[in-house]
Amino acid sequence: IAIENKSPSLKMPDFEVGTSFATRKAFGATLDIFSKLLPNIIGGSADLEPSNYTGNFAKNYFDFGMKNKAGRNIAFGVREFPMAAMMNGAAIHGGVIPFGGTFLVFSDYERPALRLAAIQKIRVIHEFTHDSFFVGEDGPTHQPIEHAMALRSIPNFNVFRPGDAKETAVCYKIALENKTTPSALLLTRQGVPVLEMEYKEIEEGVRKGAYIVKDCIGNPEIIFIATGSELSLAMDTANLMSDKNIRIISMPCMEIFEMQSDDYRNSLIPSRGCLKVTLEAGIIRGWEKYSGPSGLSIGIEHFGLSAPYKDLAEEFGFTSSQVENRIRNHLNTLL
């Protein structure tokens with residue numbers, strides 16, 4: 001497998017519908033399965049094994065070192081940039097698939113190496129957890145605001161922000177297949193509901209970068225375009241707005257969506273005839289491409305605060321009732 005650079009058939013983890021599961025935890029569960037099937041997966045965490053859910057990998061495959069060169073876990077330490085640079089070197093050497101985990105806010109330290117990976121067209125997989133102000137008590141220094149869009153600005157770099165545990169496993173699978181494109185998975189600290197859809201349907205959609213998670217009868221009046229933890233927020237908001245025809249789109253990878261045909265993109269997000277609402281717990285710059293001139297982009301344009309994440313959701317307008325009010329008020333300004 002390693003020498004011939006072939007990918008075996010990958011088994012997907014089971015996640016129970018109706019439960020709430022953090023996507024960082026889903027990454028760990030997926031890593032546990034994929035690492036058994038792909039013995040050339042190596043990597044580790046920048047001293048954040050419990051938070052990144054890479055602890056099982058470290059326990060099962062031991063640390064690489066002078067006395068154990070068969071170890072597959074790399075104890076990078078609190079060295080985010082050297083971690084990313086080492087991953088690049090391992091990928092260029094060949095034979096292995098490197099991954100590295102840290103908090104999304106620390107991607108700033110890695111940026112030169114991330115950019116170089118994109119230039120060199122190599123397969124490295126970055127796990128970035130704690131992906132929004134929902135980090136909560138860690139405070140504004142650890143709450144990413146601009147980071148998702150900053151990563152999306154790197155050419156030839158796929159940024160995945162999965163909306164649930166199943167999407168997370170599929171995104172990881174696609175990242176493994178992309179042998180000439182580095183990938184980043186932006187993952188939640190907090191639990192998010194597991195989608196009712198089957199893996200087959202989710203994978204078909206994620207492979208196109210965006211897809212319809214829930215549709216309406218007839219033409220939609222409102223289209224929600226959401227990523228990550230805001231996918232469930234879009235669904236909760238739609239339930240409050242039963243008087244409207246609403247379509248909900250999950251967009252786990254903007255870069256892959258942009259590679260799709262005009263027909264597919266227009267079939268999901270028509271240019272006219274409905275209100276487009278984007279939802280992401282980060283800056284709104286860049287989302288206007290999808291919301292359009294009369295649309296609404298809901299995000300956060302300031303730094304966070306230190307408080308429990310549910311309190312921050314209320315403070316920053318990320319509850320379903322607050323989103324509903326913003327949409328209805330916006331519709332009134334258009335009429």
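Summary table below
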quantity: Shape of the stretch 197-279, Cα gyration tensor, a/c cut at 1.5; calculated: oblate
quantity: Carbon plus sulfur fraction of accessible area for the chain, probe 1.4 Å, in percent; calculated: 53
quantity: Set of aspartates and glutamates near Lys6 by C-alpha distance (under 12 Å), chain-local residues within fewer than 8 positions excluded; calculated: Glu177
quantity: Principal axis box of the stretch 105-183, alpha-carbon based, largest edge first, Å; calculated: 38, 30, 15
quantity: Selection from Asn332, Leu312, Ile269, by position along the positive dipole direction of the stretch 253-335 (Cβ); calculated: Asn332
quantity: Between helix 80-93 and the chain: long-axis angle, C-alpha atoms, 0 to 90°, nearest 10; calculated: 70
quantity: Sorted largest first, extent of the stretch 147-189 alpha carbons per principal axis (Å); calculated: 27, 24, 11
quantity: Packing rank of 63-76, 147-160, where each peptide gets the mean count of other beta carbons within 10 Å, highest leading; calculated: 147-160, 63-76
quantity: Bins of 10 Å from zero: percent of alpha-carbon pairs in the stretch 35-191; calculated: 11, 43, 37, 8, 0
quantity: Cα gyration tensor shape of the stretch 1-89, rounded if a/c is under 1.5, else prolate or oblate by comparing a/b with b/c; calculated: oblate
quantity: Å² per residue, accessible surface of the chain at 1.4 Å; calculated: 44
quantity: Which listed pairs, of Lys244/Lys310; Lys36/Lys179; Lys25/Lys121; Lys121/Lys208; Lys59/Lys214; Lys166/Lys310, have C-alpha distances above 30 Å, in listed order; calculated: Lys59/Lys214
quantity: Charged-residue dipole, Cβ positions (Lys, Arg, Asp, Glu), the stretch 258-335 about Cα centre, Debye nearest 20; calculated: 240
quantity: Sorted peptide list for 162-175, 217-230, 319-332, criterion being average Cβ within 10 angstrom, highest first; calculated: 162-175, 217-230, 319-332
quantity: Anisotropy class of the stretch 52-118 from Cα gyration tensor, a/c 1.5 cut; calculated: oblate
quantity: Gaussian network model of the chain, Cα within-10 Å springs - most flexible of His302, His130, His93; calculated: His93
quantity: Whole-percent pair-distance distribution, where bins are 10 Å wide, for the alpha carbons of the stretch 1-53; calculated: 21, 44, 28, 6, 0
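The values are calculated or read from the model by the stated rules, or taken from the named source; none is laboratory data. Since the structure is predicted, the reported quantities are computational estimates derived from the model, not experimental observations. Glycine also receives a Cβ, built like all others from the backbone with ideal geometry; neighbour counts cover every protein chain displayed. Each accessible area value is taken on the protein alone, full model and side chains, heavy atoms only, with ligands, DNA and RNA left out. Shrake-Rupley method; radii C 1.70, N 1.55, O 1.52, S 1.80 Å.
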